[in-house]
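Below: the structure, in structure tokens.
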Amino acid sequence: MAATAECDVVMAATEPELLEDEDAKREAESFKEQGNAYYAKKDYNEAYNYYTKAIDMCPNNASYYGNRAATLMMLGRFREALGDAQQSVRLDDSFVRFKNANAVMEYEKIAEVDFEKRDFRKVVFCMDRALEFAPACHRFKILKAECLAMLGRYPEAQFVASDILRMDSTNADALYVRGLCLYYEDCIEKAVQFFVQALRMAPDHEKACVACRNAKALKAKKEDGNKAFKEGNYKLAYELYTEALGIDPNNIKTNAKLYCNRGTVNSK
């Protein structure tokens, strides 16, 4: 009798635990399915939230970490994605879908070095490869667009920036790239408007700040040079055009006009 009573006590404690475990699995699966639905709609932030809820309910399910790793890659959070991918493999060594995280991080590292070297074609190549794995990553798109602008491929750069702004009109990086394209196409007043807007969204945006300062200085020097020329003060006009040419050697279109103006001054 004593043994039977003891057995009854054990059964009473175990059955609710099994039920709770099954309830947790069902709830976790529900969270995963909701995450899948948001992922399919490209709402990666919500997908991440629901995959995280699934992991909290069942932290030993490899597929949940794999799903969250894929979502983190789409959000451009590759170090976190790699951590989740590694955890999924630790739980199930056959779960190796996300080795791509290492490849993406390598492309990102190479691109950073090449950007400093001003090898913009190489950066575009690296970003194209990275975007094959993470097509929704705004950071990679922006870096590609900025390099396209530096290469003079303005329509392509504008298209990328405009596509991001359709989804997020407050994206300071995309506003900066739009301004950069206009600036290099000698539409300086419009460019300044975009730089100012970018700085409203992100006051510490260093590139937008430098570009805005250069654009305003270039416009002012060119106008002062034109004024001096019209007034017949050719020596001053020459000096002002020369100063303008020193502001930004990358602005080929505006500088071409400045060289033409300075040539006219010299002929006088």
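The values are calculated or read from the model by the stated rules, or taken from the named source; none is laboratory data. As the structure is a computational prediction, the values presented were derived from the model and not from experiment. All Cβ positions, even for glycine, are placed from backbone atoms using ideal geometry, and neighbour counts span all protein chains on display. Just the protein is used for accessible areas: all its heavy atoms, side chains included, with ligands, DNA and RNA removed. Shrake-Rupley method; radii C 1.70, N 1.55, O 1.52, S 1.80 Å.
Tabulated data for the structure shown
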{"quantity": "Complete set of residues in segment 215-261 that are surrounded by 17 or more Cβ atoms within 10 Å (Cβ to Cβ), of a type in the set (A, V, I, L, M, F, W, C) and part of a helix (DSSP H, G or I)", "calculated": "215, 218, 228, 229, 237, 240, 244, 245, 258"}
{"quantity": "Hits in segment 3-59 (condition: modelled with pLDDT of 90 or more and open to solvent by 80 Å² or more (accessible area, probe 1.4 Å))", "calculated": "27, 33, 45, 53, 56"}
{"quantity": "Of all residues in segment 39-87 being of a type in the set (A, V, I, L, M, F, W, C) and not in a helix (DSSP H, G or I), the one that is nearest to residue 142 (Cα to Cα)", "calculated": "75"}
{"quantity": "Filter result (in a loop (DSSP other than H, G, I, E, B), in contact with a helix residue (DSSP H, G or I) (Cβ under 8 Å, 6 or more places away or on another chain) and closer than 26 Å to residue 103 by Cβ) within segment 123-170", "calculated": "134, 135, 136, 137, 151"}
{"quantity": "Selection count, segment 60-103, where residues are of a type in the set (Gly, Ala, Ser) and at pLDDT 80 or above", "calculated": "9"}
{"quantity": "Selection within segment 101-124 - among the basic types (Lys, Arg) and surrounded by fewer than 16 Cβ atoms within 10 Å (Cβ to Cβ)", "calculated": "109, 117, 118, 121"}
{"quantity": "Top-ranked residue of segment 125-142 - restricted to ones that are over 17 Å from residue 171 (Cβ atoms) and of a type in the set (Phe, Trp, Tyr), ranked as surrounded by the most Cβ atoms within 10 Å (Cβ to Cβ)", "calculated": "133"}
{"quantity": "Counted residues, segment 176-213 - those being among the polar types (S, T, N, Q) and open to solvent by less than 20 Å² (accessible area, probe 1.4 Å)", "calculated": "0"}
